[in-house]
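In what follows, a structure is listed as structure tokens, so that the remarks can point back to it.
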Amino acid sequence: MTVVCGGRLNMIKVIGAGLPRTGTTSLKAALERLGFGPCYHMFEIMAHPEYAEHWLPAGSGSPVDWDRTFEGYRSCVDWPASYFWRELAETYPDAKVVLTVRDPAGWYTSLHALMTNGPRQAFEEHAHEAGNTVMAAVESLRPLLQKIGRSVFEEEWRFGEKAPDEMSAIAAYHRHVAAVRESLPPERLLVFDVRQGWGPLCAFLGVDPPAAEPFPHLNDAESLRRSIEKLLIEGRIPSPFDARN
């Protein structure tokens with residue numbers, strides 16, 4: 001995909017290259033705590049539905065203006081951003097890349113749960129103006145998310161309707177990890193399991209770990225559930241970091 005850059009703002013300092021459900025919510029919270037925030041996550045599109053329009057060109061293969069898309073952000077994780085890790089690494093050559101990984105079987109279980117019991121059901125069961133606005137934004141991204149899913153899983157992925165079988169999904173997971181590892185120099189890439197905590201991440205980013213503060217081990221599915229509840233009840237969706245409370 002052609003990269004369009006309106007000016008060399010170079011604001012992105014950390015690029016998350018991990019697939020969804022690999023601890024991306026925990027990484028977002030950690031990066032924000034370490035001063036690399038705000039961090040762009042799929043949650044940001046749900047919190048700011050107007051952001052969806054920035055991604056619409058990508059659904060048809062048209063150029064994306066990355067500087068406009070990430071204006072005000074210093075890092076990014078999760079789909080749709082993490083799918084474009086190659087383009088982003090080229091666009092922001094000084095940014096470091098963090099590839100989140102986890103046990104493939106556990107990852108598949110989490111992915112399957114998201115696809116079969118994801119936010120769509122909650123939105124359909126609760127009529128709420130804010131929820132309808134968010135759902136419309138997510139629906140507008142369907143062409144892009146289907147394109148991403150089919151590219152990663154190499155099958156007729158249908159966003160929000162069908163999860164790939166376990167064998168195919170885990171094979172795709174390993175392909176993705178291998179591609180990222182083979183494409184970037186070691187000094188620019190951290191392969192990171194969030195269970196490792198602050199140490200490897202802080203050493204890689206050149207910052208001190210927060211004193212006497214535990215790493216934010218957030219459950220992606222639980223964070224999503226709590227955020228959707230707040231959206232339906234209060235008309236707002238908090239950041240995953242706030243979702244701990």
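Got at least one residue in the stretch 216-231 being at pLDDT 80 or above and either more than 16 Å from Thr22 (Cβ to Cβ) or loosely packed, with under 14 Cβ neighbours inside 10 Å (or both)?
Within the stretch 216-231 (the criterion being at pLDDT 80 or above and either more than 16 Å from Thr22 (Cβ to Cβ) or loosely packed, with under 14 Cβ neighbours inside 10 Å (or both)), the answer is no, since none of the residues qualifies.
If you take the residues in the stretch 99-116 that are under 14 Å from the mean Cα position of the chain (by Cα) and modelled with pLDDT under 95, which one is surrounded by the most Cβ atoms within 10 Å (Cβ to Cβ)?
Leu111
Quick check, is Leu190 outside any loop (DSSP other than H, G, I, E, B), in contact with a Leu (Cβ under 9 Å, 6 or more places away or on another chain), open to solvent by 20 Å² or more (accessible area, probe 1.4 Å) and modelled with pLDDT of 95 or more?
Against the criterion (outside any loop (DSSP other than H, G, I, E, B), in contact with a Leu (Cβ under 9 Å, 6 or more places away or on another chain), open to solvent by 20 Å² or more (accessible area, probe 1.4 Å) and modelled with pLDDT of 95 or more), Leu190 qualifies.
Are any of the residues in the stretch 24-37 among the aliphatic types (A, V, I, L, M) and either surrounded by fewer than 23 Cβ atoms within 10 Å (Cβ to Cβ) or without any contact (Cβ under 8 Å) to a residue 40 or more places away in the chain (or both)?
yes
Tell me which of these Trp85 doesn't satisfy, since it passes every other one: (1) part of a helix (DSSP H, G or I); (2) open to solvent by less than 10 Å² (accessible area, probe 1.4 Å); (3) within 21 Å of Arg181 (Cβ to Cβ).
Here Trp85 meets the rest and fails (2).
Going by the structure shown, is Arg86 modelled with pLDDT of 95 or more and in contact with a Ser or Thr (Cβ under 8 Å, 6 or more places away or on another chain)?
When the stated conditions are applied, Arg86 passes them.
Given (1) of a type outside the set (A, V, I, L, M, F, W, C); (2) in contact with a helix residue (DSSP H, G or I) (Cβ under 8 Å, 6 or more places away or on another chain); (3) at negative phi, where does Pro57 come up short, assuming only one miss?
Answer for Pro57: the failing condition is (2).
The values are calculated or read from the model by the stated rules, or taken from the named source; none is laboratory data. Treat the numbers as computed from the prediction; the structure is a model and nothing was measured. We place every Cβ from the backbone using ideal geometry, glycine too, and count neighbours over all the protein chains shown. For accessibility, only protein heavy atoms count, side chains too; no ligands or nucleic acids. Shrake-Rupley method; radii C 1.70, N 1.55, O 1.52, S 1.80 Å.
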